[in-house]
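K.L.:
One structure, as structure tokens, below. Some questions next.
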Amino acid sequence: MLKIINTPKAPAAIGPYSQAVIYNNTLYLSGQIPIDPATGEITGNSVTEQTERIIRNISEVLKESGSDFSKVIKTTCFLRDISRFGEFNNIYSKYFIGKPARSCVEVSALPKGALVEIEVIAGIF
């Protein structure tokens, strides 16, 4: 059975999708960009600032679903400028300490002009 996850503590979806869904004790969290849930606007001008905002958003969805960073299985990370990979990793490594599987790629553009986007797959156990 599919369970839709939605929390006002993370940004509302900006399209026809859910913040996250749970299926068979696995959480599939939609890509998060650095939107402040209170304003609906992008926050932060640097990869560091934007990654910190995204991590806070992810944390809220994980909490709402009954999961946490220790149960993250896989992340997919999108950077508008791969030369900022080290800057991104400095923040990422503070939270994803379980070292989940990961893909990280450069993309030409992200919604709302974001510099970073992260999507997550996590266990519910």
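The values are calculated or read from the model by the stated rules, or taken from the named source; none is laboratory data. The model shown is predicted, which means the values in this text are computed figures rather than measured ones. Methodologically, a virtual Cβ is constructed for each residue, glycine included, from the backbone with ideal geometry; neighbour enumeration extends over all protein chains shown. Each accessible area value is taken on the protein alone, full model and side chains, heavy atoms only, with ligands, DNA and RNA left out. Shrake-Rupley method; radii C 1.70, N 1.55, O 1.52, S 1.80 Å.
K.L.:
Tell me which residues, restricted to the stretch 45-62, are without any contact (Cβ under 8 Å) to a residue 40 or more places away in the chain and either in contact with a helix residue (DSSP H, G or I) (Cβ under 6 Å, 6 or more places away or on another chain) or assigned to a helix (DSSP H, G or I) (or both). Spell out how you get there, then give the answer.
P.N.:
To start, the set of residues in the stretch 45-62 that are without any contact (Cβ under 8 Å) to a residue 40 or more places away in the chain comprises 45, 49, 52-53, 56, 59.
Scanning the stretch 45-62 gives Glu49, Glu52, Arg53, Arg56, Ser59.
K.L.:
Right, something else. Which residue out of Ser65, Ser93, Ser59 is open to solvent by 50 Å² or more (accessible area, probe 1.4 Å) and small (Gly, Ala, Ser)? Before the answer, list the steps.
P.N.:
On the way: Ser65 fails: open to solvent by 50 Å² or more (accessible area, probe 1.4 Å); Ser59 fails: open to solvent by 50 Å² or more (accessible area, probe 1.4 Å).
Step by step, each of Ser65, Ser93, Ser59 is checked, and only Ser93 is open to solvent by 50 Å² or more (accessible area, probe 1.4 Å) and small (Gly, Ala, Ser).
K.L.:
Still on this model: Is the stretch 25-36 home to any residue that is in a strand (DSSP E or B) and free of Cβ contacts under 8 Å to residues at least 24 places away in the same chain?
P.N.:
Taking the stretch 25-36 first, the residues in a strand (DSSP E or B) are 26-32, 35.
Checking the rest, the ones that are also free of Cβ contacts under 8 Å to residues at least 24 places away in the same chain come to none.
No.
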